[in-house]
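Quick notes on the structure that follows.
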Amino acid sequence: MELVILDRGVERHVLIERVRGGYRVEVDGVSHEVDQARAGGRLRSLLIEGRQHEVSVLSDGNGRYRVVGTAGEEVLEVRDPLTHLAQAGADAAATGVKAVTAYMPGRVVALLVSEGDLVEAGQGVLVLEAMKMENEIRSEVAGVVSQILVEPGQSVEGGDPLFEINDD
Amino acid sequence: MDRVLVVNRGEIAVRVVRALRELNIRSAVVYSTVDRAELPVLLADEAYWIGEASASSSYLKAQEIVDLAKEIGADAIHPGYGFLSENAAFAGSCQEAGITFIGPTPEAIASMGSKIESRRLVRAAGVPVVPGGDDSLPDLTAAEREAEKIGYPVMLKATAGGGGKGMRLVRSADQLASAFRAARSEAEASFGDDAVYLEKFVEGPRHIEIQILGDLAGNVFSLGERECSLQRRHQKVVEEAPSPIMTSELRRRMGEAAVDAARSVGYTGAGTVEFLLDRHGDFYFLEVNTRLQVEHPVTELVTGVDLVEAQLRIAQGEDLDPNWESMLPSGHAIEVRVYAEDPYRGFAPSPGTIDLLRLPEGPGVRNDFGVREGSQVTINYDPMLGKLIVWGRNRDQALRRLGRALHELRIEGVQTTASLYRELLRDPDFCAGRLDIEMLERKIQSGELDPTPGDQGLPLGAIAAAIEHFERVTQRAVSFPAGREGSSVSGSRLRWREQARREALRGGSWSL
């Protein structure tokens, strides 16, 4: 999964994938082997290259995370690259038809809405299975699903268009 | 004694309730509206509402508290520290109502409560005092005359003072007028009494105090010293016993001076005689605190004496154990006070809800805390959450244990001073025991105790957030059986999903 994380004003490009029993997290080109475990409530144990780090993590449910570690507290904003692009381009192109593409290769598992449905910003549109994980692809804007370009069972490549939203 | 009313809140109320249960004495506490479900109430046998949040309408309501004690059949009142603990009139009202006030007599409290009176008394008993300060100063002219006589630098202090209120350092004559005005108005605001006096300012001193106990038979013993030089705004934040620079000879002399000072007023119960120790090894009497001190646990850990139990036994007429008279400290104890304050923003109060509290455990660690997870830290009371105290066979082991314990301590929801203590443990002067009462503020100001960045270069926050996000996104999707079509998703799953989505979209509130 590709993510853009706003971290104390810095835009970090993150690639995260499951590997045996843990994660490989690449941050701005530097790769880390990370094992994460829930340690009660909000506490998480992160073993990064085998070194223990205890953090607490809270989410606002909207992609914002409050992380408290030994160096204090920070609030990070996690976006998928599309949201990030959409957000960045939002000022330029106010409204219109937006195509949402797959950000990784996978297989469409389920459609959650039908063409012509009205969706809210953040509402799930379809479920994509990739690397044996299922990911809900959400619409970043409120609007009408003008076109669904895939069907359940279909394989897609990264960058393939999935659906279009008209937020006019 | 069958029942004791504890007139306090927070960690010290918890401390006294614990001692009462160990002695099989029923514990009753008073609580204000906001303290209804706090630790003292939860741990006590009985609890009685005394008023609204502000101290003046609850923990300071002297007459109502005495009436309550009579009504519930309490034999004694333990005042803890702060609030009514050094209020001679309150101790007197208890006495009149036939209730034992756990502390010295009202007369002893009154004479030690006045700084000028106490200086006069202890000086007559042969205890060295800081030059100056024989009378409160009626006006600026008197202050100028006195300052010239003593010689600059001088310290202005409130006659009714304590806790650093109404204190001003004056380095030269041209600073005196404004400092005099400021000290008076601060004294008036804090104590309702604007009387101030002057003392010679002792440069770079340590604050060293002697714990004393006096029984009703007139025995007064010293239980050794505590070093309390690390202060901010004249309030102690780190204390230890023994003092790193103490010699057995100096301990004997300071102990004798403290006992003499206490005897001069017929002192009974637990008390503390505070001294300044200058660079030449000369010490000067500061004041007597006629109550249990916040930092009493360090003495408990190096002497093995339970000071609250001792207070209760003395109040019941038991004599002191004669073996305590010649007791030497065993090992080393250090206490850090954990305040809900931001040490890097001038110790600004940090009110909030304690939403995570993990106290350290393991060898040599003691926690005296007055809060639990979910406790509200309000601006109504002192922001001290509690104290972390460690014991080691020597100072070096105690320091290492303190570092280990601070590593385990985790408090979220409010800022605390724990981060400052982690830095302090990296400070070569603190570690070597080179202390003076201005050191902490000096080092904070110079940036020597600024937070050390954690794992340099490691984007810990980004890694944690990425994994959390990944798991949230994928877990949400997991509720859909792989390979099935959207239309086959059952109605109940859809409703569940819808609910989860609504929760997520509501935003604003943090959740697990």
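Each reported figure results from applying straightforward, stated rules to the coordinates on display, with no laboratory input. This is a predicted model, so every value here is computed, not measured. Quick reminder, even Gly has a Cβ in these numbers, built from the backbone with ideal geometry, and neighbours come from all protein chains shown.
Note on chain B: dipole from Cβ charges, positive end direction compared against B:322, B:334, B:248; the farthest Cα belongs to B:334. A cut-off under 13 angstrom between Cβ atoms defines the neighbours of residue B:146, and their net charge, with Lys, Arg +1 and Asp, Glu -1, is -2.
Taking every residue in A:50-62 and counting other chain Cβ atoms within 10 Å of its Cβ, the average works out to 6.
Projected onto its three principal axes, the C-alpha set of the stretch B:19-170 covers 58, 33, 26 Å, listed from the longest axis down. Between the C-alpha center of the stretch B:324-376 and that of the stretch B:129-154 there is a gap of 39 Å.
Pull out a ≥ b ≥ c, the square roots of the eigenvalues of the alpha-carbon gyration tensor of the stretch B:149-218, then state rounded if a/c is under 1.5, prolate if not and a/b is larger than b/c, and oblate in the remaining case. Before the final figure, lay out each step's value.
Working: a/c = 2.83, a/b = 1.53, b/c = 1.85.
In terms of gyration-tensor shape, oblate.
For the stretch A:1-55, the C-alpha radius of gyration divided by 2.2 N^0.38 Å, with N the number of residues, is 1.18.
Below 8 Å, C-alpha to C-alpha, sequence gap of six or more: please give me the relative contact order for the stretch B:178-242 in percent. Working shown, then result.
On the way: 74 pairs, mean separation 12.5, N = 65.
Dividing the mean separation by the residue count of the stretch B:178-242 yields 19 percent.
Loop-located trypsin sites (Lys or Arg not before Pro) in the stretch B:309-347 (DSSP state other than H, G, I, E, B) with a sparse environment of at most 11 neighbouring Cβ atoms within 10 Å: B:345.
Listed here are the pairs B:149/B:236; B:165/B:200; B:165/B:387; B:165/B:443; which of them are more than 25 Å apart at the Cα? Numbers along the way, then the final one.
Values: B:149/B:236 31 Å; B:165/B:200 18 Å; B:165/B:387 23 Å; B:165/B:443 22 Å.
Beyond 25 Å: B:149/B:236.
Simple rule: put +1 on each Lys or Arg Cβ and -1 on each Asp or Glu Cβ in the protein assembly as shown, find the dipole, and look at B:92, B:451, A:36; the Cα lying farthest toward the positive end is A:36. Its relative contact order, with pairs defined as Cα atoms under 8 Å and 6+ residues apart, puts the stretch B:343-387 at 44 percent.
Using Cβ point charges alone (K and R +1, D and E -1), the dipole size of the stretch B:381-448 about the Cα centre works out to roughly 420 debye. For chain A, the longest principal axis of the Cα atoms and the long axis of helix A:81-90 meet at an angle of about 60 degrees. Convex hull over the alpha-carbon atoms of the stretch B:180-257: what's its volume per residue in Å³? For the stretch B:180-257, the hull spanned by Cα atoms encloses 162 Å³ per residue. A simple spin-label model places pseudo-atoms 7 Å from Cα toward Cβ; at residue B:379 and residue B:235 they are separated by 1.4 nm.
Between the C-alpha center of the stretch B:215-272 and that of the stretch B:425-461 there is a gap of 29 Å. The angle between the Cα long axis of helix B:62-71 and the main principal axis of chain B comes to about 80°, on a 0 to 90 degree scale.
Taking 10 °C and 1.306 mPa s as the conditions, I'd like the Stokes-Einstein D for the protein assembly as shown in µm²/s, using the Kirkwood hydrodynamic radius from alpha carbon pairs.
On the way: Rh = 29.0 Å.
Answer from the Stokes-Einstein relation: 55 µm²/s.
Enter the mean projected area of the convex hull around the alpha-carbon atoms of chain B, in nm², rounded to one decimal. If you can, show how the numbers build up before the last one.
Working: hull surface 117.8 nm².
Dividing the Cα hull surface by four gives the mean projection, 29.4 nm².
Computed about its Cα centre, the charge dipole of chain B is approximately 1800 debye, with only Lys, Arg, Asp and Glu carrying charge at their Cβ.
Rounded to the nearest 10 degrees, the inclination of helix B:10-22 to the longest alpha-carbon principal axis of chain B is 80 degrees. Restricting the stretch B:217-297 to trypsin sites (Lys or Arg not before Pro) that sit in a DSSP loop and have at most 15 other Cβ atoms within 10 Å of their own Cβ leaves B:233, B:279.
Using only the C-alpha atoms, the convex hull of the stretch B:382-423 corresponds to 77 Å³ per residue. Dividing the helix sum by the residues of chain A, where each DSSP H run of 4 or more adds -39500 (n - 2.57), gives a mean residue ellipticity at 222 nm of -1500 deg cm²/dmol. Quick check: Cα centre of the stretch A:114-131 to Cα centre of the stretch B:55-108, how many Å? Cα centroid to Cα centroid, the span is 68 Å. Peptide A:8-21 has a mean shielding of 2, counted as Cβ atoms of other protein chains within 10 Å of each residue's Cβ. Within 10 Å of the Cβ of each residue in A:67-79, the mean number of Cβ atoms contributed by other protein chains is 6.
Remark: relative contact order (chain A) = 17 percent; criterion is Cα-Cα distance under 8 angstrom and separation of 6 or more residues. Ranking A:97, B:173, B:392 by Cα position along the charge dipole of the protein assembly as shown, where only Lys, Arg, Asp and Glu carry charges on their C-beta atoms, puts B:392 farthest toward the positive end.
Here the stretch B:1-147 is assigned +1 on the Cβ of each Lys and Arg and -1 on the Cβ of each Asp and Glu. Its dipole about the Cα centre then comes out at about 360 debye.
Quick one: if the Förster radius is 22 Å, what FRET efficiency do residue B:249 and residue B:324 give, using the C-beta to C-beta distance and rounding to 0.05?
On the way: r = 20 Å, r/R0 = 0.91.
With R0 = 22 Å, the Cβ-Cβ based efficiency is 0.65.
May I ask for the net charge around residue B:441, where only other residues with Cβ less than 9 Å from the Cβ of residue B:441 are counted and Lys, Arg are +1 while Asp, Glu are -1? Once all neighbours under 9 Å are counted, the net charge is +3. Applying both filters, DSSP loop and at most 15 other Cβ atoms within 10 Å, to the trypsin sites (Lys or Arg not before Pro) of the stretch B:119-179 gives B:171.
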